[in-house]
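A short write-up of the structure that comes next.
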Amino acid sequence: MTETLPGTATDPAAAPRDVVLDVRGLDVEYATGDDPVRACVDVSFTLHRGEILGVAGESGSGKSTLITALTRLQRPPAVTSAGQLLYHPRDGGPPVDLVTLSGRELRRLRWTTLSIVLQSAMDALNPVMRVGAQFVDALRTHDRRLDKGAAWERAAELLGMVGVSADRARAYPHELSGGMRQRASIALALACRPDLVVMDEPTTAVDVVMQRQILAQVLRLRRELGFAVVFVTHDLSLLLELADRVAIMYAGRIVELGTSASLYAEPRHPYTRGLRDSFPPLRAPLRRLTGITGSPPDLRRPPSGCPFHPRCGQRFDGCDERLPVLRDIGGNDVACHLYPEGS
Amino acid sequence: MAPVLEARDVSKHFTVRSAVGSTSVVRAVEDATVALEPGEIVALVGESGSGKTTLARLLARFYEPTTGEIRLDGAPANGATRAYHRDVQLIFQDPFGSLNPLHRVRYNLERALRLHHGVRDKAERNRRVEELLERVSLTPVEQFIDKFPHELSGGQRQRVVIARALAVEPKVLLGDEPISMLDVSIRLEMLNLLNRLRTEDGLALLYITHDIASARYLCDRIVVMYAGRMVEGGPKEDVIANPRHPYTRLLIESSPDPARAVDDRAELFGAEAGELGEPPSLIDPPAGCRFHPRCPFAMDVCRTEAPPRTEFPNGQWTHCWLHEDEGEG
């Protein structure tokens, strides 16, 4: 598979920059019984420093599998069966393949390089530990010279960054509101200044008003601290506003990848177009929308050829036989037979 | 037209006991008034904890209101009788939890026919079940009629739930977030189905959602709830284009809208979000307007007295002191 290139050159957010993570040909399988289920197939993309890459998909699209593979948090029966996760260190050293790292080497990179924000902060935070103590724990594990007092100060400072007042550091997670907990878990992910934060539906469990506040803070912190984000959600309308580039996943594969602006204005893949048109507009004139007929496929029995062909309104002979590969079509990467080789 | 279902000044207070034995009162819904006309879709929009689900359950008479009145066809409704539920059906958010998993689709639908219409003839029941499946577009019918709920996708299950509600031939459907657990790509089909039922059968629909964009797509009128109170309502385009209540404005500005101009977007996300706070506890809600602690325009009167209803010529209304002197009165 060809390496994914950034989108249109006119968008400053997508201009070539330092690469922080280079994902190449990643395959993840669930090894159950005789036929493993391929939940991520040949996933490749490049993430630049300070970039927000959105990953959108429905249930079963492989987006959660991708997250656990990127962060090496997967548990059996999930196995990364092929591909590389090349992390490029800040100091310009040679790239490290996260897939092959031992648990011990990984632990050194966690939090200082790579961290994660989960959908439910209640599950991510330890319920029997004060919120501040969880910061202290992480900070002192990764910096053994840091004394306790300084670590508590830093915890309060980190909470302040996301608008949680310092006195809440002494609170237990259940004493915080849902929005505050989620903000605290974002601050916690940023505690050791990682280069890359993976966010798994971080605002799905909070209301829209809180969502907007949290995302505003994430964007501000990204400007200040320069971390890159892989932001996974089913809410494409949110991603189109938030992300620099968006990857659309379907049945374990990236079917289109491009800048938010181009995916919104000119989606190439019929699935991307269908997904975009599944979100009624808030202000633009209303017209009848149809969504996408049918349901996402069962990955135990993926359709032949292009996995989207049974639901596709533009399919033609051959779509059910040949698998389209991701290719550069007018600046976006698209996997669809509508755009033949050389077009 | 006369409303088919109406809530007049209904309030619902729940008494809760804490671990140490003291009791407190949760004021989940306060003085809510809403009316549904035949063939009309009203969207009830609000965040979690705004009281929208409680109001739906009051309208379905799962709960008795603490004060106020529910009226069906102009007469006060008494108790949760079978006759009441023949006219008013509630669809839940979770299509996984609302079908009996031990029975096939056929049984789930037949039961409603038997209980509410006493259809005993087997051939007749079969015909009606097939008709229902066709109406919710679960075709070819043979593919679905003898399936168990777990053999269906989420969207198909929600269609069965809707078909079961229709089996009763109700006048009103109350949909409590009927699409929020479904995959994004199939939500629109469900909204189109609900819209078709309204057009074909003249059903009245209360569409409860936190998603104001889907509310705009489906409904005629929007009612916005905040912390147990209705704060604004009116024709959907008026409410969205020109929200009168500061909370409605906040809700609309916070909702994703990829069509927003890039400049707005930068401003929206770039602006220091500040501390806009969160909805209050309903055990001890703020005095006066419940939004005042978060309201950038809060005045002294907002902190002490609940704002009266102000009506505007276009059919919009709001409970906000900012508009006290405007409108029709």
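The values are calculated or read from the model by the stated rules, or taken from the named source; none is laboratory data. As the structure is a computational prediction, the values presented were derived from the model and not from experiment. Counting neighbours? That spans all protein chains shown, and the Cβs are built from the backbone with ideal geometry, glycine included.
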Quick one: how many residues across region A:164-210 are of a type in the set (Val, Ile, Thr) and not in a loop (DSSP other than H, G, I, E, B)? 5
How many residues are more than 7 Å from every other protein chain (Cβ to nearest Cβ) and either farther than 26 Å from residue B:136 by Cβ or in contact with a Phe, Trp or Tyr (Cβ under 9 Å, 6 or more places away or on another chain) (or both) when one looks only at region A:289-308? 9
Note on residue B:99: of the conditions (1) among the hydrophobic types (A, V, I, L, M, F, W, C); (2) buried (at least 19 other Cβ atoms within 10 Å of the Cβ); (3) not in a loop (DSSP other than H, G, I, E, B), unmet is (3)
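Yes or no: region A:303-311 includes at least one residue that is over 25 Å from residue A:340 (Cα atoms) and touching a residue at least 40 places away in the same chain (Cβ under 8 Å).
At the first step, the residues of region A:303-311 found to be over 25 Å from residue A:340 (Cα atoms) are none.
No: region A:303-311 contains no residue that is over 25 Å from residue A:340 (Cα atoms) and touching a residue at least 40 places away in the same chain (Cβ under 8 Å).
Would it be correct to say that residue A:247 is over 16 Å from the mean Cα position of the chain (by Cα) and surrounded by 18 or more Cβ atoms within 10 Å (Cβ to Cβ)? Walk me through how you get there before you give the answer.
On the way: over 16 Å from the mean Cα position of the chain (by Cα): no; surrounded by 18 or more Cβ atoms within 10 Å (Cβ to Cβ): yes.
In short, no.
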For a quick check of your reading of the model, give me the residue pairs whose first member lies in region A:76-92 and is within 18 Å of residue A:114 (Cβ to Cβ), whose second is of a type in the set (Lys, Arg), with beta-carbon atoms closer than 7 Å and at least 6 apart or on different chains. A:83/A:24; A:84/A:24; A:86/A:24
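Within region B:68-90, which residues are of a type outside the set (A, V, I, L, M) and either exposed (fewer than 11 other Cβ atoms within 10 Å of the Cβ) or over 19 Å from residue B:32 (Cα atoms) (or both)? Show your work before the answer.
In the first step, residues of region B:68-90 are kept if they are of a type outside the set (A, V, I, L, M); the result is B:68-69, B:71, B:73-74, B:76, B:78-79, B:81-82, B:84-87, B:89.
Result: B:74, B:76, B:79, B:81, B:82, B:84, B:85, B:86, B:87, B:89.
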Every residue from region B:135-176 that is closer than 25 Å to residue A:271 by Cα and either touching a strand residue (DSSP E or B) at 6+ places or on another chain (Cβ under 9 Å) or aliphatic (A, V, I, L, M) (or both): B:136, B:138, B:152, B:158
Considering region A:83-105 alone, what residues qualify as being surrounded by fewer than 17 Cβ atoms within 10 Å (Cβ to Cβ) and either closer than 21 Å to residue A:188 by Cβ or among the small types (Gly, Ala, Ser) (or both)? A:90, A:92, A:93, A:102, A:103
Would you tally the residues in region A:303-343 being closer than 30 Å to residue B:214 by Cβ and in a loop (DSSP other than H, G, I, E, B)? 11
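What tally of residues in region A:221-238 results from selecting those that are more than 9 Å from every other protein chain (Cβ to nearest Cβ) and not in a helix (DSSP H, G or I)?
As a first pass, look at region A:221-238 and keep what is more than 9 Å from every other protein chain (Cβ to nearest Cβ): A:221-222, A:224-233.
Retained after the next criterion (residues that are not in a helix (DSSP H, G or I)): A:226-233.
The total comes to 8.
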So for region B:263-274 (the condition being modelled with pLDDT under 90, within 8 Å of chain A (Cβ to nearest Cβ) and under 22 Å from the mean Cα position of the chain (by Cα)), does at least one residue qualify? no
Residues in region A:114-128: is at least one farther than 25 Å from residue A:72 by Cα and not in a strand (DSSP E or B)? yes
With criteria (1) touching a Ser or Thr at 6+ places or on another chain (Cβ under 8 Å); (2) of a type in the set (Gly, Ala, Ser); (3) without any contact (Cβ under 8 Å) to a residue 24 or more places away in the chain, residue A:216 comes up short on (1)
Select from region A:197-220 the residues that are surrounded by fewer than 20 Cβ atoms within 10 Å (Cβ to Cβ), at the interface with chain B (Cβ under 7 Å from one of its Cβ atoms) and either closer than 15 Å to residue A:177 by Cα or touching a Cys at 6+ places or on another chain (Cβ under 9 Å) (or both) and list them in ascending order. none
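Confirm whether residue A:90 is farther than 30 Å from residue A:176 by Cβ and either in a helix (DSSP H, G or I) or in contact with a helix residue (DSSP H, G or I) (Cβ under 8 Å, 6 or more places away or on another chain) (or both). So that I can check it myself, show each step before the final result.
Values: farther than 30 Å from residue A:176 by Cβ: yes; either in a helix (DSSP H, G or I) or in contact with a helix residue (DSSP H, G or I) (Cβ under 8 Å, 6 or more places away or on another chain) (or both): no.
It is false that residue A:90 is farther than 30 Å from residue A:176 by Cβ and either in a helix (DSSP H, G or I) or in contact with a helix residue (DSSP H, G or I) (Cβ under 8 Å, 6 or more places away or on another chain) (or both).
Residue-by-condition table, conditions (1) surrounded by 17 or more Cβ atoms within 10 Å (Cβ to Cβ); (2) closer than 22 Å to residue B:193 by Cβ; (3) modelled with pLDDT under 90; (4) of a type in the set (A, V, I, L, M, F, W, C):
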site	(1), (2), (3), (4)
B:103	no, no, no, no
B:119	yes, no, yes, yes
B:138	yes, yes, yes, yes
B:144	yes, yes, no, yes
Quick one: residue A:241 ticks every box in (1) without any contact (Cβ under 8 Å) to a residue 24 or more places away in the chain; (2) touching a Pro at 6+ places or on another chain (Cβ under 7 Å); (3) more than 11 Å from chain B (Cβ to nearest Cβ) except a single one, so which number is it? (3)
What number goes with the only condition from (1) at the interface with chain B (Cβ under 10 Å from one of its Cβ atoms); (2) outside any helix (DSSP H, G or I) that residue A:268 does not pass? (1)
Inspect all residues belonging to region A:54-70 and state whether any of them is within 20 Å of residue A:268 (Cβ to Cβ), surrounded by 22 or more Cβ atoms within 10 Å (Cβ to Cβ), among the hydrophobic types (A, V, I, L, M, F, W, C) and modelled with pLDDT of 85 or more. yes
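Residue A:256 - would you say it is among the acidic types (Asp, Glu), within 12 Å of another protein chain (Cβ to nearest Cβ) and outside any loop (DSSP other than H, G, I, E, B)?
On the way: among the acidic types (Asp, Glu): yes; within 12 Å of another protein chain (Cβ to nearest Cβ): no; outside any loop (DSSP other than H, G, I, E, B): yes.
Judged against the criteria, residue A:256 is not a match.
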Checked region A:171-184 for anything within 9 Å of residue A:131 (Cβ to Cβ) and either touching a strand residue (DSSP E or B) at 6+ places or on another chain (Cβ under 9 Å) or of a type in the set (Phe, Trp, Tyr) (or both); matches are A:172
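Counting just the residues of region B:219-255 that are within 8 Å of chain A (Cβ to nearest Cβ) and outside any loop (DSSP other than H, G, I, E, B), which one comes out farthest from residue B:291 (Cα to Cα)? Don't jump to the end; show me each part of the working.
So the first thing to find is which residues in region B:219-255 are within 8 Å of chain A (Cβ to nearest Cβ), and the list is B:240-241, B:250-255.
With the extra rule that they be outside any loop (DSSP other than H, G, I, E, B), the set shrinks to B:240-241, B:250-254.
On the way: B:240: 19, B:241: 21, B:250: 11, B:251: 12, B:252: 16, B:253: 16, B:254: 16 Å.
The qualifying residue farthest from residue B:291 (Cα to Cα) is B:241.
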Contact list please: Cβ distance under 9 Å, first residue in region B:79-93 and within 10 Å of residue B:61 (Cβ to Cβ), second residue surrounded by fewer than 15 Cβ atoms within 10 Å (Cβ to Cβ), pairs at least six apart or on different chains. B:79/B:64; B:80/B:62; B:80/B:64; B:84/B:78; B:90/B:62
Give region A:4-39 a look and list any residue that's farther than 19 Å from residue A:252 by Cα, surrounded by fewer than 19 Cβ atoms within 10 Å (Cβ to Cβ) and modelled with pLDDT of 50 or more, or say none. A:17, A:18, A:19, A:33, A:34
Lone unmet requirement of (1) charged (D, E, K, R); (2) at pLDDT below 90; (3) in contact with a strand residue (DSSP E or B) (Cβ under 9 Å, 6 or more places away or on another chain) for residue A:301: (3)
